[in-house]
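The values are calculated or read from the model by the stated rules, or taken from the named source; none is laboratory data. Owing to the predicted nature of the structure, the values given are computational and were not obtained by experimental measurement. Note that we place each Cβ from the backbone using ideal geometry, even for glycine, and neighbour counts take in every protein chain shown. Side chains included, ligands, DNA and RNA excluded: accessible areas come from the protein's heavy atoms. Shrake-Rupley method; radii C 1.70, N 1.55, O 1.52, S 1.80 Å.
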Amino acid sequence: MKPPEIIEIERLILRKPHMEDALVLFNAYMQDSEVTRFTTWRPHQQVEQAEEFITKCLLAWENETRFPFVIALKGNKEPFGMID
């Protein structure tokens, strides 16, 4: 079953990623070794790695194999994280 592309709760919006999110997420946390210290992936060294990641997320949506969401505060559309 495919989830909705946007989920809104009181303070947050969870939405399907867009390619434009790659640079924002790269700058927000994807290159930060402190943030990614406990993740299963290493910090991205170049924005192209974030673009590849978003491409894989979009393919997962198309194939309905998984449904990663970006997380943004309501009133600010820029994402600050992701959940999968």
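Charges at C-beta only: +1 for Lys and Arg, -1 for Asp and Glu. How large is the resulting dipole of the chain about its Cα centre, in Debye rounded to 20?
Charge dipole of the chain: 220 debye, to the nearest 20.
Take every Cα-Cα pair in the range 1-71 and report what % of them are more than 17 Å apart.
Distances greater than 17 Å cover 49 percent of the Cα pairs.
Counting only protein heavy atoms and using a 1.4 Å probe, what share of the accessible area of the chain belongs to carbon plus sulfur, as a whole percent?
Answer for the chain: carbon and sulfur cover 54 percent of the accessible area.
Run the numbers for Lys2 and Thr39: contour at 0.36 nm per residue of separation, minus the present Cα-Cα distance, in nm.
Here the segment from Lys2 to Thr39 would lengthen by 10.7 nm.
Testing the spin-label approximation: label points 7 Å from Cα along Cα→Cβ at Ile9 and Ile71. State their distance in nm.
Output for this residue pair reads 0.9 nm.
What list of ³J(HN,Hα) values in whole Hz, one per residue of the range 60-76 in order, does the Karplus curve 6.51 cos²θ - 1.76 cosθ + 1.60 (θ = phi - 60°) give from phi, with Gly and Pro shown as x?
Going residue by residue, I get 4, 4, 4, 7, 6, 8, 7, 9, x, 10, 8, 10, 9, 6, 4, x, 9 Hz, with x marking Gly and Pro.
Quick one: accessible area per residue over the range 11-84, 1.4 Å probe, rounded to a whole number of Å²?
Accessible area per residue, the range 11-84: 64 Å².
Provide the three semi-axes, in whole Å and in decreasing order, of the ellipsoid equivalent to the range 30-84 as defined by the square roots of 5 times the Cα gyration tensor eigenvalues.
The equivalent ellipsoid of the range 30-84 has semi-axes of 19, 17, 11 Å.
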